[in-house]
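Written out below as structure tokens is the structure these notes cover.
The values are calculated or read from the model by the stated rules, or taken from the named source; none is laboratory data. Treat the numbers as computed from the prediction; the structure is a model and nothing was measured. Reconstructed Cβ throughout: ideal geometry from the backbone, glycine too, with neighbour counts over all protein chains shown.
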Amino acid sequence: MTIRKGKINWIHITNPKKEELEALRKEFKFHPVVLDQIGSTSAHSKVEIYDEYLFIVLHLPIYDVTERVSRKGEIDFLITNNTLISIQYEKLEPFSVIEEKIEDDPDYKDRLLGGDTARLLYYLIEAGVIFSLRQLRHIDEKVEDIRNNIFKHEDQQLLEKISYTKRDLLSYYLISKSQTGIFNSLDKIGVQFFGEKSKAYFFDLQGDFLKVTQLCENLKETIEAFEHTNAQLLTIHMTKVMQRFSVLAFLTFPIMVFLSLFSINTSSRPIVGMPYDFWILAGIVVFAIFFMTLIFKKKGWL
């Protein structure tokens, strides 16, 4: 997709092919190393300044519904004085939305391309930052669900929810945290390339991205606190279970001893041999259990 407004051009490429990369090489004289890097996804984000262009690799956290975890989505930028080239390796929602807005609203196209490439870069990266904030919403909803259910005696189910949410948040956090250097570098390198007039753009981007990292940090601290609380509740629950088993063992032990005495084959055994001896012994056992249970409840052990 190529969009023009005055002297400003925006070239947006999805899954670049060899012929597209060759056309870029011929028209803009990009370094072969740079073209090799935009031929496939990169492991690390970066901002590099060359004599006549700026090269940016930016990663966005994208929630994978199937895997239930956030993963990297990459967008690369090559910026000259009057042309911005963006390369994505899959359909990314924020840039698809921008394409639709341009088609539906001519005024939006004027706002987007009505200045210079620094302004266009600002709008595109800002769309990515807003998308990143929106991607945090599903994690925020999961944390809120955990908050509402943490004292409803669903310890095992809650442990699974916390584990999945924590994994997702950690993946998101690692992706977002690695972008901090990009926004710090843009504040310096961007001004060096575009001039002092662009400083406001990159300063604003830095502030907006700070909201992402701060919200991520807050959610991270919250989920860790919930995990600790849930672990304590599980420990208390297990302690109570073990206490009940201990009390049960204490209740049955003297009764077992009592019944064992009557199983000893001696010449004189009380009750044994009397009419209804079985029911008498059973009655004694039931009474003993009932009496000891009352004492245990009064002591608060049951």
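Structure notes:
- Exactly one residue out of 183, 193, 202, 209 is buried (at least 17 other Cβ atoms within 10 Å of the Cβ), free of Cβ contacts under 8 Å to residues at least 60 places away in the same chain and within 27 Å of residue 49 (Cβ to Cβ), and it is 183.
- Test: residue in the stretch 11-18 that is without any contact (Cβ under 8 Å) to a residue 40 or more places away in the chain and more than 29 Å from the chain's Cα centre (by Cα): yes
- For the stretch 25-47, filtering for residues that are surrounded by 14 or more Cβ atoms within 10 Å (Cβ to Cβ), in contact (Cβ under 8 Å) with a residue 60 or more places away in the chain and either farther than 22 Å from residue 96 by Cβ or not assigned by TED's automatic domain parsing to the domain that holds residue 179 (or both) leaves 2.
- Listed here are the helices (runs of 4 or more DSSP H) enclosed by the stretch 144-217 that have at least 2 residues being of a type in the set (Asp, Glu) and more than 25 Å from residue 127 (Cβ to Cβ): 155-177.
- Of all residues assigned to the stretch 90-104, at least one qualifies as being of a type in the set (S, T, N, Q) and not in a loop (DSSP other than H, G, I, E, B).
- Against the test of being out of contact with any helix residue (DSSP H, G or I) (no Cβ under 8 Å at 6 or more places or on another chain), loosely packed, with under 14 Cβ neighbours inside 10 Å and at pLDDT below 70, the options 266, 235 yield a single qualifying residue, 266.
- When the test is whether a residue is in contact with a Gly (Cβ under 9 Å, 6 or more places away or on another chain), at pLDDT 85 or above and more than 18 Å from residue 71 (Cβ to Cβ), residue 121 passes it.
- Residue match in the stretch 100-112 (condition: modelled with pLDDT of 80 or more, under 28 Å from the mean Cα position of the chain (by Cα) and not basic (Lys, Arg)): no
- Annotation: residue 206 fulfils all but one of (1) within 19 Å of the chain's Cα centre (by Cα); (2) within 30 Å of residue 80 (Cβ to Cβ); the unmet one is (1).
- Residue check for residue 210: in the same structural domain as residue 78 (by TED's automatic domain parsing), of a type in the set (A, V, I, L, M) and in contact with a Lys or Arg (Cβ under 9 Å, 6 or more places away or on another chain): no
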